[in-house]
Amino acid sequence: MSTSPSLVCKPTHEFSQILLKVEAVQPSGSFKSRGIGNYLVKSLEQIPTDQRERVHFYSSSGGNAGLACVHAAVTLGLPASVVVPTATKAMMVVKIRAAGAKDVIQHGASWFEADTYLRQTVMVAAEQRGEIAIHVPPFDHPAIWQGAASLIHEAASQVKTAGFNVPDVIVCSVGGGGLLNGVMEGMKDVGWNDTTVLALETKGADSLNASMQAGEHVRMPSVTSEATSLGASKVSEQTYKLATMSGRVKSHVFTDAEAAMGCWRLADDDRLLVELACGVNAAVCYGGRLQKALGRAVKPDETVMIIICGGSGVTIDMLTEWRHRFGSEVEAADAQEQKIVPSALSGPSMAQ
Ligand SMILES: *Cc1c(COP(=O)(O)O)cnc(C)c1O
């Protein structure tokens, strides 16, 4: 895990201060290095020192959690292997291999099948060979939340050093909710007691929003959003509890088109390449979406910290394809409000 820069950005003139917490620069390309890195360290501490060389970490994520697991294991000088569903993009398989995975096995039509094969076949065989096989979950573990909380500890000291105000709003996307749990834990640690967390999801990956609407902790029948990193069909119990009982979490859902818009505008305005799961957060900077998502006016003196959670599942070609497919849907509607930012002029539909 690395320190990430907190920086001021004025992509719109709607608010006085927008701070971007740029987790895209983490070793694995996303904030997941924090939580999963901590999980690996904490699991290793449970193993007697003279046994640790037998440890092998196992993940069933073909996404950023798998990448974070491999990066952290390599840093610790230990092996990590990943089982991913067959539908996992070749690019992600290559990234996980390039990061130094001992093995990447493609198996199963779904994440559930890949994970079952990992636990019941791959890890069992590993134990028989004499390894200490440690399963690495993507989001649902206190050590993962504790690691993610370091993002807020770090932001609090950066805010102090730079003389910024404590954020009134923190913008945070939600998949299984590991990030949100960590953010809430970190806020408690640093005494950010009046900050609202805006929990964002994409339509079709909106498992937290669906639970809040239903008034019970539900599982979605299927995930249809292209923002696959947000595609947990059910959020963690802790996330549901925090979102419904803290009085501090506001949930909102944007479309995949709006998340994609956040991605291409972040690239053009701030030179950052991130995946849809992160673009959904950046989308609040444009077209009055922060107000819409919060369901209230935003005062000019409010400070908003956006977690640029990052993600490796993106290429420049994907950005271009999204902009062609979704551009007219979102940019035309936002056009009058956006005269002042570069991305208002750089798209195909906006070309001057
Ligand atoms: C995993 C991930 C999320 C969601 O995090 P959860 O802890 O599952 O809620 C958001 N953005 C990116 C880039 C991710 O990799």
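The values are calculated or read from the model by the stated rules, or taken from the named source; none is laboratory data. What you see is a predicted model; the values in this text were computed from it and never measured. Heads up, the Cβs are rebuilt from the backbone with ideal geometry, glycines too, and the neighbour counts pull from every protein chain shown. All accessible areas refer to the heavy atoms of the entire protein, side chains included, with ligands and DNA or RNA removed. Shrake-Rupley method; radii C 1.70, N 1.55, O 1.52, S 1.80 Å.
Summary of values
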item: The chain - accessible surface per residue (Å², probe 1.4 Å); result: 42
item: Estimated inter-spin distance, Asp317 and Thr116, nm [label 7 Å along Cα→Cβ]; result: 3.4
item: Out-of-range pairs (alpha-carbon distance over 30 Å; input Lys89/Lys250; Lys95/Lys188; Lys188/Lys234; Lys89/Lys241; Lys89/Lys203; Lys95/Lys203); result: Lys89/Lys250; Lys95/Lys188; Lys89/Lys241
item: Charge dipole of the chain about the Cα centre (unit charges at C-beta), most positive-ward option of Ala283, Asn209, Trp111; result: Trp111
item: Cα centroid of region 50-97 to Cα centroid of region 162-237, whole Å; result: 25
item: D_trans [Stokes-Einstein, Kirkwood Rh over alpha-carbon pairs] for region 154-303, 37 °C, 0.692 mPa s, µm² s⁻¹; result: 208
item: Charge sum, other residues only, whose C-beta stays under 14 Å from Val25's C-beta, Lys/Arg counted +1 and Asp/Glu -1; result: +1
item: DSSP bridge orientation in the chain - percent antiparallel, rounded to nearest 5; result: 15
item: Cβ-defined net charge surrounding Gly178, 15 Å radius [Lys, Arg +1; Asp, Glu -1]; result: 0
item: Positive minus negative residues near Gln146 (Lys, Arg vs Asp, Glu; Cβ under 15 Å); result: -1
item: Carbon/sulfur fraction of accessible area - region 167-237, other protein chains in place, 1.4 Å, %; result: 40
item: Gain in span if fully extended, Ser246 to Lys299, counting 0.36 nm per residue against the direct Cα distance; result: 16.8 nm
item: Dipole of region 201-311, positive direction: furthest Cα of Gly311, Pro300, Thr224, with charges on the beta-carbon; result: Pro300
item: Val84 long-range amide H proximity, modeled H, under 5 Å; result: Ile105, Gln106, His107
item: Whole-Å distance, taken between Cα centres, linking region 22-47 and region 280-311; result: 27
item: Longest segment of the chain lacking trypsin sites (Lys or Arg not before Pro) that sit in a DSSP loop with at most 12 other Cβ atoms within 10 Å; result: 1-128
